[in-house]
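Right, one structure below, let's go through it.
What follows is calculated from the coordinates using simple rules that are stated; it is not laboratory data. Bear in mind that the values here come from a model prediction, so they are computed numbers and not experimental data. All Cβ positions, even for glycine, are placed from backbone atoms using ideal geometry, and neighbour counts span all protein chains on display.
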Amino acid sequence: MQLRILSILGEALNFGGRRMATIMRVSWLAVVLLLIVDMASVYAYLSAIAGRVITFAEVGSFLTAQQLLARFASQGWSQHWEQMAAITAASLFVQVILISTFMAPLIRMAGLGERPAPGLVRLPFGPDQLRFIISSLLSAVFVIVVILLPIMTTSFFVLKYIVAAMSQTMASFPDADSLHTIKLITAQEGLAQRGAEWVFGLAVPLVAAAPFVLLAWLVTFFHFSPRNRPNATGKPNGLLRAVVTLGIIVLIFGAAVLLLGEAFTQILKSSSAAGAGGATGFVSAPVNAILLIATATYLLVIYVNFRLYAYPGIAVCRRSFGLGGTLRLSRGWNIFRILIILLAVSGFFYVLQIFIINSLFLSTLLPMVVSTLYQAVLVSTKLVNSGVGADWVLPLFIWVWNGIKILANVFWAFFSYGVVAGLYGRLYRESERLEGAG
């Protein structure tokens with residue numbers, strides 16, 4: 001059965017708005033603590049970079065602290081990577097726990113109609129929260145262990161052998177009439193002299209990336225098997241499916257080479273110049289080979305992420321780590337419907353936050369309103385103070401303006417978390433519907 005895209009989108013957005021009071025009651029304490037953890041992490045990073053404790057007394061503005069961190073982050077990671085990594089790990093650990101305290105009850109409310117426990121000051125942590133954390137981490141662990149590590153290890157040795165082979169020296173005689181004009185050149189330079197650059201630029205990349213491209217094609221081929229498309233009509237045609245899926249894979253990889261080849265070359269050169277990630281040893285490897293391998297890796301990663309996207313919601317609502325409902329939800333063409341749903345939600349968030357909240361309200365309308373009120377209050381104080389404005393007016397409105405911005409971001413966090421919880425809950429019910437129909 002098909003996922004109903006508009007219905008799912010509507011219910012997710014509706015849950016974030018209609019249940020705002022419950023979302024605020026359940027999550028306000030955790031959201032405030034998340035803001036504090038975020039602020040503390042920035043100052044901890046600055047302290048690690050400076051080699052001493054940086055306090056609010058030295059950098060009083062959080063915006064200034066963020067700007068300083070953005071300026072010196074690369075220096076900190078290169079010189080104090082142990083401290084930076086420890087701060088990152090500790091911050092992520094605390095944030096994940098805090099998010100789970102309200103996401104688990106909100107997901108169960110969206111999926112099962114189960115109202116969260118009463119109380120205004122709540123920070124629960126139990127089996128549901130632990131289940132949410134484990135299921136959320138499973139896709140990341142699966143991607144790293146099953147996809148990234150094997151591909152990175154294999155591609156490392158493949159590219160290493162290619163670079164070694166193309167760097168082998170050989171004798172060249174620029175003057176064919178004299179044996180005394182011998183010159184040592186690399187195998188790559190020899191191919192270029194014979195007009196066979198295509199061997200290094202096309203043939204070698206295709207051979208090197210062939211196993212990864214083949215793996216991406218096989219995943220696509222089996223994903224769209226008739227078993228994963230129960231509503232498919234007509235007699236299954238394996239040959240047609242193979243040709244169509246192969247054509248799609250070829251188009252994707254061809255587009256990646258044509259559109260990203262030049263940019264990828266510049267990235268590799270920049271990484272090599274900086275000595276980052278061991279890229280220095282592979283800058284002479286065929287760019288197309290690295291690009292094709294990276295494209296195959298990216299396709300496999302997003303495929304697994306889409307297949308497992310609904311897993312946290314289903315695990316929390318079912319109180320089970322079984323994958324059956326999750327995989328059934330994203331089989332066949334439903335994986336593209338999940339993609340459309342996620343793109344639509346992301347696009348809605350982007351437009352609402354960037355263009356409406358930040359650009360329209362916080363940058364245009366609200367500053368005009370606050371400025372008008374400030375001028376009105378200032379003039380009023382001048383009227384009662386013989387033309388001298390009161391000293392408290394400007395600090396008061398600075399605090400008011402900062403408070404408005406903080407509240408806007410807090411309410412945005414409430415709404416966005418509510419939409420995600422509503423989406424998880426609805427996808428759980430869709431998995432139950434598909435399982436019942438199956």
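Couple of notes before you dig in:
- Region 314-338 versus region 6-71: alpha-carbon centroid distance in Å: 31 Å
- Loop-located trypsin sites (Lys or Arg not before Pro) in region 319-380 (DSSP state other than H, G, I, E, B) with a sparse environment of at most 16 neighbouring Cβ atoms within 10 Å: Arg319.
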